[in-house]
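Below is one structure, written out as C-alpha cells, with a few remarks after it.
The values are calculated or read from the model by the stated rules, or taken from the named source; none is laboratory data. What you see is a predicted model; the values in this text were computed from it and never measured. Cβ coordinates were reconstructed from backbone atoms using ideal geometry, including for glycine residues, and neighbour counts include every protein chain displayed. When the accessible area is computed, the model is the full protein with side chains, heavy atoms only, and any ligands, DNA or RNA have been set aside. Shrake-Rupley method; radii C 1.70, N 1.55, O 1.52, S 1.80 Å.
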Amino acid sequence: MTLLKLPSATAASRPALRPRARGRRGRAGRKPRVLVAVTALFFALLYLPIAVVTLFSFNSKKSPTVFGGFSLRWYRAFVHDDVLISSLGTSLRISLVAMAGSVVLGVALALGLVRCRTRLGPLAGLIMLVPLITPEIVTGVASMLLFKGLGVDLSTGTVMLAEITFSISYVTVILRSRVAALNPEVEEAAMDLGATRWQAVRLVTLPALLPAVLASAVLIFALVFDDFVLAYFTTGVDPQPLSVRIYSAIRFGVQPTINAVGTLMLVGSVCLIALALFIPRLFGRRGGLDILSGE
C-alpha cells in the first residue's frame, strides 16, 4: 500500500513547483528599468537636437527659439540662394567623383587582397584598415600638408582626391568578404571554355559582386556628401562644399535657412542609406545589413 501512495504524493507536489518556476522565468525575462531609462535617455539626447532643427526649419519666424507656425519660407529662401545652390552642386560633384573612384579602386583592392597568395597579403589587409581607425582630423591635416608640400593649390580637385583616398577602405571592407565567398572554380570553368582572365572577371566575378558594389557606392556617396572634416582641410576658397559653407555661415550666426539645408541633407542621407540596404533585396540576396557589415 505504501508503494501505491508514493506516486500520488509526488504527482500532487508537482503543481506546487510549476508556478514558482514560471515566476522565476518571468522575473528573469523582465528588462531592468534602469537600462530602459538609460537607453531612452541616449536616444533622446541623440535625436532631440535633430528633431529641433527639423521643426524650426518650418518656422514662419526668423527667431531660432520661438516657433511661430509652419511655413516653407526658409526652403524657398534656400532655393533662391545662389551661394548655397553653388555649394550644393560642388558637393554633388565631389560625391559622384569620390564614389566612382573609390568603387573602382576598392573593387580592384578587394580582388587583390583575396586572391593574393604571398606573405604580403595579410600585411596589405592590415594597412588597408588603418584609415578606418585613424581619426579623420588626422587624415585631413595630413592631406592638407601633403598638398601644400607638393605645391598643389587647395581646390575642389584636392577634396576629391582626399575623399577617394579616405573612402577606398570602406568599399574594400564591404567587398572583401563577398569576393572570398565566391567560388574560384567558376572563373576557372570560364577560362577553360576559352575566356581570358579579364573576361572571366568581367563576365563572371563582377556580376556576382554587383549588389555589394551598388550598395557600397550609395553608401560612399552619402558619407562623402555629408563629410565636413576632410573637406574643411582640403578645400579652397571657392567654390566650397555645402558642409563647409554651412560652417562658415554659422560662425556669423545661425540663420533659419541653415535649418532647412540641414533637414534636406538629413532626409537625403537617410534615403541613400535606405537605398543601400534595399539594393541587395532587388537582386534576391541577403539583407543589406549583412552586406554593409561584410558578413
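Among the numbered criteria (1) polar (S, T, N, Q); (2) in contact with a helix residue (DSSP H, G or I) (Cβ under 6 Å, 6 or more places away or on another chain); (3) more than 21 Å from Ser248 (Cβ to Cβ), which single criterion is violated by Ser143?
Going through (1) polar (S, T, N, Q); (2) in contact with a helix residue (DSSP H, G or I) (Cβ under 6 Å, 6 or more places away or on another chain); (3) more than 21 Å from Ser248 (Cβ to Cβ) one by one, Ser143 breaks only (3).
If you go through segment 119-135 one residue at a time, do you hit one that is closer than 19 Å to Ile246 by Cβ and either open to solvent by 70 Å² or more (accessible area, probe 1.4 Å) or among the hydrophobic types (A, V, I, L, M, F, W, C) (or both)?
no
Output the residues belonging to segment 217-251 that are buried (at least 18 other Cβ atoms within 10 Å of the Cβ), of a type in the set (Phe, Trp, Tyr) and under 20 Å from Val141 (Cα atoms).
Answer for segment 217-251, where residues must be buried (at least 18 other Cβ atoms within 10 Å of the Cβ), of a type in the set (Phe, Trp, Tyr) and under 20 Å from Val141 (Cα atoms): Phe225, Tyr232, Phe233.
Pairs only if they're at least six apart or on different chains, beta carbon under 7 angstrom, first in segment 92-115 and assigned to a helix (DSSP H, G or I), second among the basic types (Lys, Arg); list them, first residue then second.
Ala110/Arg176; Leu113/Arg176; Val114/Arg176
Could you grab me the full set of residues in segment 255-279 that are without any contact (Cβ under 8 Å) to a residue 24 or more places away in the chain, surrounded by fewer than 20 Cβ atoms within 10 Å (Cβ to Cβ) and among the aliphatic types (A, V, I, L, M)?
Hits for segment 255-279 are Val267, Val270, Ala274.
So in segment 145-154, with the set limited to residues that are without any contact (Cβ under 8 Å) to a residue 24 or more places away in the chain and assigned to a helix (DSSP H, G or I), which one is most open to solvent (accessible area, probe 1.4 Å)?
Across segment 145-154, the extreme among qualifying residues is Lys148.
Identify all residues within segment 191-216 that are buried (at least 19 other Cβ atoms within 10 Å of the Cβ) and either under 30 Å from Ser155 (Cβ atoms) or in contact with a strand residue (DSSP E or B) (Cβ under 6 Å, 6 or more places away or on another chain) (or both); write none if there are none.
Those that are buried (at least 19 other Cβ atoms within 10 Å of the Cβ) and either under 30 Å from Ser155 (Cβ atoms) or in contact with a strand residue (DSSP E or B) (Cβ under 6 Å, 6 or more places away or on another chain) (or both): Val213, Ser216.
Please list, ordered by first then second residue, the pairs with beta carbon atoms under 9 Å, 6 or more apart or interchain, first in segment 130-144 and under 19 Å from Met160 (Cβ atoms), second of a type in the set (Gly, Ala, Ser).
Pro131/Ser167; Pro131/Ser169; Thr139/Ala162; Gly140/Ala162; Gly140/Ala231; Ser143/Ala162; Met144/Ala162
Please tell me if Thr235 is within 30 Å of Phe58 (Cα to Cα), modelled with pLDDT of 80 or more and of a type in the set (Ser, Thr, Tyr).
No, not satisfied.
For Thr165, which of the numbered conditions (1) touching a residue at least 40 places away in the same chain (Cβ under 8 Å); (2) touching a Pro at 6+ places or on another chain (Cβ under 8 Å); (3) closer than 23 Å to Leu146 by Cα fails to hold?
Single failed check for Thr165: (1).
Within segment 66-85, does at least one residue satisfy the condition of being small (Gly, Ala, Ser), surrounded by 10 or more Cβ atoms within 10 Å (Cβ to Cβ), outside any helix (DSSP H, G or I) and modelled with pLDDT under 90?
Yes - at least one qualifying residue is present in segment 66-85.
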